[in-house]
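The values are calculated or read from the model by the stated rules, or taken from the named source; none is laboratory data. Since the structure is predicted, the reported quantities are computational estimates derived from the model, not experimental observations. Heads up, the Cβs are rebuilt from the backbone with ideal geometry, glycines too, and the neighbour counts pull from every protein chain shown.
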Ligand code: EPZ
């Protein structure tokens with residue numbers, strides 16, 4: 001397992017460029033099989049999840065070639081095959097092949113991982129959506145066999161605005177007869193990114209980014225082209241680092257509208273920053289103030305920044321309360337944060353109390369999940385002494401070229417296998 005070693009206390013100065021969004025890219029690759037023949041996806045992040053998806057596409061005889069930061073995807077020889085367990089359980093986002101293969105071939109067979117470290121994360125909303133479109137879903141243990149003689153467009157209501165289900169049903173609906181309307185859809189920017197790809201393929205998609213999305217099914221698509229949006233969660237993670245230990249740290253590639261909730265909270269905490277077009281300049285702030293945060297679906301405060309901002313709040317004066325409303329088990333990073341000197345206390349399954357400011361001291365810690373690992377990495381950057389983070393593969397899954405980016409702005413960080 002890889003280990004990150006960080007020597008704390010080194011200021012971050014210089015420029016970090018934000019990479020393409022993981023949570024867009026992992027949907028855009030499976031979506032590319034819907035294109036007529038070829039697709040180009042620009043600004044793809046260099047993360048392991050992308051390689052896992054390329055492995056699955058290669059299995060389906062879909063040719064994927066790298067060209068600088070772009071992927072060229074060629075469907076000429078694409079064929080449907082059952083996706084073996086060892087490939088599809090590598091990552092949750094492999095479930096986007098369900099919607100894409102169902103639309104393209106009317107059948108998909110793959111295994112799907114159960115819960116993960118932050119919660120049960122069922123896919124019942126996805127499955128209900130496929131069934132509403134006329135698919136038959138058979139589940140044997142964690143093996144899914146989904147078939148449809150004919151997908152027919154329908155008005156579908158989501159009990160919860162699931163990001164994954166919104167994208168998955170959007171993909172499936174492209175292969176349905178007639179129009180599908182998703183009510184109570186998720187509105188995250190990633191959905192707009194995927195919709196723009198489908199529209200470029202000649203598929204009629206309206207309302208992406210709102211609670212109501214209309215998709216007109218078609219059998220005729222064109223070649224696709226799309227650029228991955230900058231990653232709003234990577235942005236937030238680096239912004240939080242800048243607020244704690246930056247010195248005129250410049251973060252390039254910011255889309256303000258994607259991070260409004262974070263910026264509002266930083267204002268409440270007393271973090272000073274400047275944004276010029278798509279560049280934020282931020283330095284270490286003194287006299288941080290405690291605040292309360294409730295994670296919500298977009299445009300509310302993103303759950304994926306809950307663990308990173310917890311580290312910021314360990315340095316704020318007073319008592320902060322975080323309410324995590326999206327996942328049921330997303331405070332696992334606090335055990336090791338406390339071992340580093342933080343004072344956090346899990347009040348209930350979804351409520352965390354943080355008292356500060358508290359001096360952090362380096363320690364040997366373990367990443368429990370992607371954003372929990374990011375929280376510990378941020379702590380290591382500001383702690384006195386050295387921090388070692390085991391299981392740091394988790395962190396590398398969501399942040400491309402992380403060690404290089406941080407080293408280039410002055411961090412003392414290295415990775416050892
Ligand atoms: C996406 O996961 C992101 N992952 C997550 O980011 C992110 O936390 C989440 O959206 C919320 O913004 C990717 O895009 C690959 P959901 P997803 O479906 O699609 C429940 C990260 O750190 N739910 O909106 O799985 C589910 O259990 C990751 O980058 C059902 O109950 O999120 C969860 O509690 C972590 N049934 C809540 O909804 C379903 O069928 C949100 O899930 C689907 C979801």
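Is it true that residue 247 is more than 16 Å from the ligand (Cβ to nearest atom), surrounded by fewer than 21 Cβ atoms within 10 Å (Cβ to Cβ) and not in a helix (DSSP H, G or I)? Yes: the conditions hold for residue 247. Would a scan of the range 393-411 turn up a residue that is in a loop (DSSP other than H, G, I, E, B), away from the ligand (no atom under 16 Å from the Cβ), modelled with pLDDT of 95 or more and crowded, with 18+ Cβ neighbours inside 10 Å? There is at least one residue in the range 393-411 that is in a loop (DSSP other than H, G, I, E, B), away from the ligand (no atom under 16 Å from the Cβ), modelled with pLDDT of 95 or more and crowded, with 18+ Cβ neighbours inside 10 Å. Sub-7 Å Cβ pairs linking a first residue in the range 365-386 that is without any contact (Cβ under 8 Å) to a residue 40 or more places away in the chain to a second residue that is more than 15 Å from the ligand (Cβ to nearest atom) and in a helix (DSSP H, G or I), at least 6 apart or interchain, are 365/336; 365/339; 366/336, ordered by first then second residue.
Kindly establish whether residue 337 is within 16 Å of the ligand (Cβ to nearest atom), outside any loop (DSSP other than H, G, I, E, B) and surrounded by 24 or more Cβ atoms within 10 Å (Cβ to Cβ). So residue 337 fails the test. Can you tell me which of 53, 4 is within 22 Å of the chain's Cα centre (by Cα), within 30 Å of residue 249 (Cα to Cα) and not in a loop (DSSP other than H, G, I, E, B)? Of the residues listed, the single one that is within 22 Å of the chain's Cα centre (by Cα), within 30 Å of residue 249 (Cα to Cα) and not in a loop (DSSP other than H, G, I, E, B) is 4. Here residue 166 meets each of (1) touching a strand residue (DSSP E or B) at 6+ places or on another chain (Cβ under 7 Å); (2) within 11 Å of the ligand (Cβ to nearest atom); (3) in contact (Cβ under 8 Å) with a residue 60 or more places away in the chain with one exception, condition (3). Output yes when any residue across the range 80-91 is farther than 23 Å from residue 217 by Cβ, more than 19 Å from the chain's Cα centre (by Cα) and buried (at least 16 other Cβ atoms within 10 Å of the Cβ), and no when none is. Yes, the range 80-91 has at least one match. Under the condition of being in contact with a helix residue (DSSP H, G or I) (Cβ under 7 Å, 6 or more places away or on another chain) and more than 16 Å from the ligand (Cβ to nearest atom), the residues counted in the range 13-53 number 5.
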